[in-house]
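Peer 1: Dropping a structure here in structure tokens format, bear with me for questions.
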Amino acid sequence: MTEVLPVHALAERGPRDRARAARSGVAARPRVLFVSHTGTMSGAELVLRDAVRPWAGSSAFLFEDGALTEALRNEGLEIRLARRRSALAGLKRDVSPLSALPVLGQLGALALEIAGAARSYDVVYANSQKAFLLSSLAARAVGRPLIWHLHDILDGAHFGRVQRVLQVRLANLCAARVIVPSEAAARAFVQAGGRRSLIRIVPNGLDVDPAPCPAATLRAELGLPDGPLVGVFSRLAPWKGQDILIEALATLPGLGCIVVGAPLFGEDAYAAHLRDLAARQGLSDRVLFLGQRDDVPRLMRAVDAVVHPSVDPEPFGRTLVEAMLVGVPVIATDAGASAEILDGGAAGTLVPPRRPDRLAAALSGLFADPDSFRARTALAQERALSRYGADRMQRDLADLILQVAGQA
Ligand code: UDP
Ligand code: GLC
């Protein structure tokens, strides 16, 4: 008879428990090898950091060293750094099969390394795309079940056709489960040819520090200007649509904006374009670029509204939930998961993507009648607290891991 472990019990089980469990015939918790291709902390890696909390004593196989290494080590994971760390650097999302050829040998060696590591684990858990591609071959080679935590929308806006086909075929062949954070991501996976029965939707969950403080005090502490102020809190990348917000601001005299985030994956030209665009529109004194920050919830509390202007479908958008949790009005583009998270617009304002005019109209409406947004913002906070907490996500993911390991 197998034992279903409550998530809080997982962290308490170590090698001694495993040995005892083996003697008694009761299932010990499985050992999980979490695999990540990047060491940079974007949303997917922040989710992984929170997801592994109940799995202290398991391990992470990382293709590169970075902030994620320390974050996972702090959660009690043993870190295994790939020996072939440069192999994936040249492999971009829109890669053509031809340009991938020169790195194929290195990728094969990396897959073998993962396979070697995976032998000592019960389950392989691949976070995101590239980790999945290599883990799928590795897990299959050594007969370990594989979970793919897919953080993307597999559509033509984000990926080339060859890559989509390759991913869903590999998933259909090798994955025991595909975890996605939203209905929108699930739909795209199926539309791309992925098997529906593989999918489990586990919305991202996170907590923010409950330390409310008046916005005026925060602004003084943070050196932010008085007056109407909005913020955008995403890494700088063309599909995150910060340029649309800047264009909208050009039509809204007197409205300031903080742009928080950096180009994390080589989008430096877009970052330069944003500054240039703000200067050309005569907005240099109203648009403040604050770079990458580690105090996002605090900054959110200091603004009058959070804008999430993604121009392509957003797979989830942790920043939406962060804004909801801190109780600031949210205006987001209606693409991807935003409508699910904002309850079809009942918990925030939805505008069409790539429409600076519609975004400007929504912002005007907010500042003309802030009271009318209060109920929506309160609903958003309640919704985020009840649906998008870190505990719930950890429990859901742990249940899935136990199922895949045959222990639930
Ligand atoms: N973030 C951050 N510092 C910044 C900008 C963003 O810590 O300067 C965080 C943000 O708070 C959120 C995450 O990065 O938790 C971004 O996740 P999201 O799901 O919104 O988007 P992604 O970048 O993963 O596409
Ligand atoms: C990806 C997506 C983002 C999602 C995050 C965590 O980076 O772009 O929407 O919130 O992963 O799942």
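Every read-out reported here was derived from the displayed coordinates using simple, explicitly stated rules and does not represent laboratory data. Just so you know, these numbers come straight off a predicted model, no measurement behind them. Every residue, glycine among them, receives a Cβ derived from its backbone with ideal geometry; neighbour counts consider all protein chains shown.
Peer 1: With a cut-off of 20 Å, note down the residues of segment 339-380 whose backbone N falls inside the zone around a label point 7 Å from the Cα of LEU46 toward its beta carbon.
Peer 2: Hits in segment 339-380 for LEU46 at 20 Å: 339-343, 348-349, 380.
Peer 1: Give the residue from SER182, ALA337, GLN106 lying farthest towards the positive end of the charge dipole for the chain; charges sit on Cβ (+1 for Lys and Arg, -1 for Asp and Glu) and the dipole is referred to the Cα centre.
Peer 2: Of the listed residues, the answer is GLN106.
Peer 1: Okay, moving on. Could you tell me the calculated FRET efficiency between ASP268 and ARG374, based on Cβ-Cβ distance and R0 = 51 angstrom, to the nearest 0.05? Present the calculation step by step, with values, prior to reporting the outcome.
Peer 2: Working: r = 40 Å, r/R0 = 0.78.
E between ASP268 and ARG374, to the nearest 0.05, is 0.80.
Peer 1: Taking a virtual spin label 7 Å from the Cα of GLN191 along the C-beta vector, which residues in segment 303-319 bring their backbone nitrogen under 16 Å of it?
Peer 2: Backbone N within reach: 311-316.
Peer 1: Now for a different question. At R0 = 30 Å, how high is the FRET efficiency between PHE367 and SER284 if r is their beta carbon distance? Nearest 0.05 is fine.
Peer 2: 0.90
Peer 1: How large is Rg/Rh for the chain, to two decimals, with Cα atoms and a Kirkwood Rh? Could the numbers behind the result be given before it?
Peer 2: Details: Rg = 22.1 Å, Rh = 22.3 Å.
Rg/Rh for the chain comes to 0.99.
Peer 1: How much net charge surrounds ARG354 when only other residues with a Cβ under 15 Å from its Cβ are counted (Lys, Arg +1; Asp, Glu -1)?
Peer 2: Details: positive: LYS240, ARG355, ARG358; negative: ASP243, GLU247, ASP312, GLU314, ASP334, ASP357.
Result for the neighbourhood of ARG354: -3.
Peer 1: By the scheme Lys and Arg +1, Asp and Glu -1, what is the net charge of all other residues having a beta-carbon under 11 Å from that of ALA171?
Peer 2: Working: positive: ARG164, ARG169, ARG177, ARG195; negative: none.
The answer is +4.
Peer 1: Could you give the size of the charge dipole of segment 233-312 about its Cα centre, using +1 on the Cβ of each K and R and -1 on the Cβ of each D and E, expressed in debye and rounded to the nearest 20? Numbers along the way, then the final one.
Peer 2: Numbers: 8 positive and 10 negative charges, 37 e Å.
The dipole of segment 233-312 has a size of about 180 debye.
Peer 1: Evaluate E = 1/(1 + (r/R0)^6) for ILE79 and LEU173, where r is the Cβ-Cβ distance and R0 equals 45 Å; express this FRET efficiency to the nearest 0.05. Provide the component values of the computation, followed by the final result.
Peer 2: Details: r = 29 Å, r/R0 = 0.65.
In this case the efficiency is close to 0.95.
Peer 1: Taking the Cα centre of the chain as origin, work out the dipole magnitude from +1 charges on Lys and Arg Cβ and -1 charges on Asp and Glu Cβ, in debye rounded to 20. Numbers along the way, then the final one.
Peer 2: Details: 47 positive and 42 negative charges, 356 e Å.
Dipole size: approximately 1700 debye.
Peer 1: Would you compute, from DSSP H runs of 4+ residues alone, the mean residue ellipticity of the chain at 222 nm, taking -39500 (n - 2.57) per run and dividing by the full residue count, rounded to the nearest 500? Mind dumping the intermediate values first?
Peer 2: Numbers: 18 runs with 180 residues, N = 408.
That calculation yields -13000 deg cm²/dmol at 222 nm.
Peer 1: Another question, if that's okay. Students often check this: by mean Cβ neighbours within 10 Å, which of 56-63, 269-276 ranks highest, and how do the rest follow?
Peer 2: Details: 56-63: 22.2, 269-276: 14.5.
Answer by packing, highest mean first, reads 56-63, 269-276.
Peer 1: Oh, and also: Multiply the residue gap between GLU183 and TRP239 by 0.36 nm, knock off their C-alpha separation, and tell me the result in nm, one decimal place.
Peer 2: Working: separation 56, 0.36 × 56 = 20.16 nm, distance 1.97 nm.
Between GLU183 and TRP239, full extension yields 18.2 nm more.
Peer 1: Find how much the distance from ASP207 to ARG392 grows on full extension, using 0.36 nm per residue of separation minus their present alpha carbon separation; answer in nm with one decimal. If you can, show how the numbers build up before the last one.
Peer 2: On the way: separation 185, 0.36 × 185 = 66.60 nm, distance 1.07 nm.
Result for the pair: 65.5 nm of gain on full extension.
Peer 1: Hey, can you grab everything whose amide H is under 5 Å from the amide H of ARG177? Only 5+ residues off in sequence or another chain; H modelled, so Pro and N-termini drop out.
Peer 2: HN-HN under 5 Å from ARG177: LEU146, TRP148.
Peer 1: While we're here: Taking 7 Å along the Cα-to-C-beta vector as the label spot, tell me the ALA215-ARG275 distance in nanometres, rounded to one decimal.
Peer 2: 2.8 nm
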